[in-house]
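See structure below.
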Amino acid sequence: MDRIKPWLKLTRWRFFRLDDRLLLILIAVIVGNCSGLSAVALNTSIDAMVEWLQPLRHYWWAFLLPAAGAAASSIFLEKIVREGAGHGVPEVIYAVSRYGGLLRFRSSFTRLISSCLTIGSGGSAGPEAPVVISGAAIGSTIARKFGLNERQRVTLVGCGAAGAISAIFNAPIAGMVFAVEVILGEWTTLNIIPIAIAAVSGTEISRILMGNRIAFTHQVFNIDFIDIAASVGLGILAAAASILLTRLLRGMSSLCSRTGGPTWLRAALGGCVVGAMGLALPDVLGEGYHTTRLMIHGLYAPGVTLVFILLMAKILATSLTLGWGGSGGIFAPCLAIGSILGLTFQRALMALWPGANMASEGCFALLGMAGLISGMLQAPLTGIFLIVEITGGWEVILPLIIISVISTTVCHYFEPASFYLKELIDHGHLLRPGTDARVLTDLSVPELLEKDCIVVSPTMRLGEFVDIVKISHRNYFPVEDPETGEFLGMVYLDDVRPYLFNPAMYDAVVIEEIMDTDVETVHPDDDLPDVLRRMDEKRLFSMPVVSNNRFRGMISKATLLDRYRRELAVQTS
Amino acid sequence: MQLTISEIAKCLGVPERTVRRWIRQGRLPVQRIGEEYSFSQAALERWARERNLSFFPPRVDRASQQTPELEDLQTVMRRGGVFYELAADDLRSALRAAADSIPGLETAEREDLYQRLLAREQLASTGIGKGVAIPHPRNPSGNTTKRSLITTCFLKNPVDFNAVDQQPVFVMFVLLSPSVKTHLHLLSRLTYCVRDDDFVAFLKTRPAPADFFERIARLEEQLVSAGY
């Protein structure tokens, strides 16, 4: 066994040390394949579960199914694997921001199981976010196994996300763009190449296993100028729907957290309401791809009023499922809501101007999908490429771009942070590469410590202190108890300067009398942005760093500027 | 050439902790084989240049840290020499005589030095009292001497230097030094000696060079023990 062990450690393989970039590309293939597999696994198991539960749908108590599914997924997450609720994407972005892409291995399957329970039983949520966190966790785990550094690990987390999205939608470009635009927030040649490779291998694995099928088969649409004009209106409506969904989701989760009781019971309650809605409108249940498909093909029969009700019901069902503790993502519900919205919009326009020569309702369903995705994620490129790829049609590209940018812009106006990022930004956890927050978080107080201060004792006479001043390079003198080493205060040269030239005081004054005991101090674990804010508030240029009542050094703006510049230069290239 | 982490930290001017973090984050070019890291100086230099960071190899660093040792008063005075019975009847001729006495200068340099000593006197007198003057140029950086020197000049007749205590000057210490730091160092030691009244009385006896240097050495020992 001892002889085999070194070989198990992949980091020791010289072969992998030949070239870091080549190594990363090779690993990206593995990561893309694994996350593609997890996407296929989730898709297949949701389909199987839906089919398995189909016979039960006709009973009157069928509304309890989503409740049972949501409760089961909540119990699974909370009690069995002990993972937080939430849909996954913010957790991945958080890990990338704060921990260099460090994710637990168990995250690679937990969300798959819980979201399968939620969605398969009829909850209105999407399988994409769980697949994203699963792929990201796979990437992170593999990076750890190979002993890669943080930058490479973050790239592999992006690879996992790209592979997952590519595989689940059979859309490699959308996967790449999603990973870069939403997950990493950084577009460099270093990360785009492995991510592209992962997107390709993720797509390929799903094509091999499930066939090269496009989620929504290609339709030919004739796009006129009037459609482009109409897409402006749809863009604004899509933004309104996104804002409504975002606020409802947030309102539901705060309402849920105010309601007492165990989490699983609350999830069941939400699921129950969704199930009840599903009795009247079966189309609100599940991820909604079937309905979406019908709409794109122009085969969705119900009239405009009913479609509008369905739109509102779907928004409500999604916020009930996710806001009350179900497990799943918002990607698929966004697509469903968007297609319903587009359909409603086109039918309303046709009712107002019956003679207008507009594109078919299927086309507007597509545009609505792009509008919702762009608005919710505030990621216009992801929306555009996803719709182009899952429909296989390039002729809609012009109105698609219009609607995506309008929806993103309007949403940004009302909700400056996208649904994924809102909580992270509120807690200051979103640290995109090359930003001030990123640089200040990476630098830490111990790295900025200046240790060339001369410590004085409280019983020292002023005369002795003058001799210390002669040989010191600094204007600050920490005072420590000579026996216990306890930090007592500071002597600032500026405060005592006039008395230094008065020899009559040399024997009359001791340090204890002139030191400042009410000193603003910093702890080595303090966050730099906080420290800087305190410096600015108190108009200080430097502060002593104290921990466990011991003086550790000084921190000053001068050193900070020097290090900040180096850090910025290192990080942005 | 291979470097250690602490050497890299010194070259880049950041703490070791920062270098370790950069390695962990994958920002520094390192070769990792198993648990061992290896750094090549050429790669690091290229990396730093691309990022506009300064990178000073350790050898250069050590050389720049070596500051020249400050010389003691006695050595500098021996280099400058002692001259007796200089004939002068006013400030100008005294300075002229002093400039002519200093060893190892070209004729043009003597004229230049005289002008600069005079300029300094016109700004404020260097007669520090008790009949002692310490003429020196305004700016040490203009000095052609590579090493500092103090030339002691005993005047035949005391000359009015417009000193702080209005006493005529009987002895001049002409101080030339290549940098502000050595200038201040020597000036501070010299004034310490002149503060001692016994020493001034000793000077009035126009001592022979051997006695004079011996007395200076004794004073300097006191001065070092007093923490100057």
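Values quoted throughout were computed directly from the atomic coordinates according to the rules given, and no laboratory measurement underlies them. If you're wondering where the values come from, they're calculated on a predicted model, not measured in any experiment. Reconstructed Cβ throughout: ideal geometry from the backbone, glycine too, with neighbour counts over all protein chains shown.
Round to a whole angstrom and tell me the spacing of the C-alpha centers of segment A:486-517 and segment B:166-228. Between the Cα centre of segment A:486-517 and that of segment B:166-228, the gap is 33 Å. According to the Cα-based calculation, Rg over Rh for segment A:382-439 is 1.13, with Rh computed by the Kirkwood formula.
For the protein assembly as shown, what does the convex hull of the Cα positions come to per residue, in cubic angstrom? Let's see the in-between values first.
Details: hull volume 203.9 nm³, N = 801.
Expressed per residue, the convex hull around the Cα atoms of the protein assembly as shown is 255 Å³.
In degrees from 0 to 90, rounded to the nearest 10, what is the angle of the helix A:189-210 Cα long axis to the longest principal axis of chain A? It works out to around 30 degrees.
For A:Cys256, B:Cys153, A:Cys159, which order do you get if you count the other beta carbons within 10 Å of each Cβ and list the fewest first?
In order of increasing Cβ crowding within 10 Å: A:Cys256, B:Cys153, A:Cys159.
Using a/c under 1.5 as the rounded threshold, could you call segment A:69-160 rounded, prolate or oblate? The axes a ≥ b ≥ c are square roots of the C-alpha gyration tensor eigenvalues, and prolate needs a/b larger than b/c, oblate otherwise. Don't skip to the answer; put the middle values down first.
Working: a/c = 2.51, a/b = 2.14, b/c = 1.17.
Note, shape of segment A:69-160 comes out prolate.
Restricting the calculation to Cα atoms, segment B:89-228 yields a radius of gyration followed by a Dmax of 14.5, 42 Å. Compared with the dominant Cα axis of chain B, that is its longest principal axis, helix B:107-123 is turned about 80°.
Let a ≥ b ≥ c be the square roots of the eigenvalues of the Cα gyration tensor of segment A:229-327; is it rounded (a/c under 1.5), or, if not, prolate (a/b larger than b/c) or oblate? Please list the in-between numbers first.
Numbers: a/c = 2.83, a/b = 1.57, b/c = 1.80.
Oblate.
Ranking A:Val92, A:Tyr499, A:Ala167 by Cα position along the charge dipole of chain A, where only Lys, Arg, Asp and Glu carry charges on their C-beta atoms, puts A:Ala167 farthest toward the positive end. For segment A:225-428, with equal point scatterers placed on the C-alpha atoms only and solvent neglected, what are the log10 I(q)/I(0) values from the Debye formula at q = 0.11, 0.14, 0.15 1/Å, to two decimals? Listed by q, the Debye log ratios stand at -0.49, -0.78, -0.88. Applying the Karplus relation 6.51 cos²θ - 1.76 cosθ + 1.60 with θ = phi - 60° to segment A:562-573 yields 3J(HN,Hα) values of 4, 5, 4, 4, 4, 4, 4, 4, 6, 7, 9, 9 Hz, where x marks Gly and Pro.
Measure out, as a whole number of angstrom, how far apart the alpha-carbon centroids of segment A:63-82 and segment A:519-544 sit. Comparing the Cα centres of segment A:63-82 and segment A:519-544, I get a distance of 46 Å.
Net charge dipole, segment A:146-265: roughly 440 debye, given to the nearest 20, about the Cα centre with Cβ charges of +1 for Lys and Arg and -1 for Asp and Glu. Pairs exceeding a 19 Å alpha-carbon distance, out of A:Lys557/B:Lys181; A:Lys79/A:Lys145; A:Lys422/A:Lys538; A:Lys470/B:Lys181; A:Lys470/A:Lys538: A:Lys557/B:Lys181; A:Lys79/A:Lys145; A:Lys422/A:Lys538; A:Lys470/A:Lys538.
The charge dipole of segment A:438-571, taken about the Cα centre with unit charges on the Cβ atoms of Lys, Arg (+1) and Asp, Glu (-1), comes to about 620 debye, rounded to the nearest 20.
Think of chain B as having a plus end and a minus end, set by charges on the Cβ of Lys, Arg, Asp and Glu; of B:Tyr37, B:Thr182, B:Ser6, B:Tyr37 sits farthest toward the positive end of this dipole.
Here the relative contact order of chain A, from alpha carbon pairs under 8 Å that lie six or more residues apart, stands at 15 percent.
Per-residue Cβ counts within 10 Å, from other chains only, averaged over B:20-26: what number is that? Mind showing how you got there, number by number?
On the way: counts 1, 6, 6, 2, 4, 10, 11.
Partner Cβ neighbours, averaged per residue: 6.
If packing is taken as the mean number of other Cβ atoms within 10 Å per residue, what is the order of A:282-290, A:513-521, highest first? Kindly include the intermediate steps, with their values, before the conclusion.
Working: A:282-290: 22.6, A:513-521: 14.0.
Answer by packing, highest mean first, reads A:282-290, A:513-521.
Working from Cα pairs under 8 Å separated by at least six residues, relative contact order for chain B is 17 percent.
When DSSP beta bridges are restricted to pairs lying wholly in the protein assembly as shown, around 80% turn out antiparallel. Rounded to the nearest 20, the size of the Cβ-charge dipole of the protein assembly as shown about its Cα centre is 2240 debye, with Lys and Arg at +1 and Asp and Glu at -1.
The coefficient of translational diffusion for segment A:492-573, derived via Stokes-Einstein from the alpha carbon Kirkwood radius under 4 °C and 1.567 mPa s, stands at 84 µm²/s.
First select every other residue whose beta carbon is under 13 angstrom from the beta carbon of A:Val131; then total the charges, Lys and Arg +1, Asp and Glu -1. Net charge around A:Val131: -1. For chain A, the longest principal axis of the Cα atoms and the long axis of helix A:128-145 meet at an angle of about 50 degrees.
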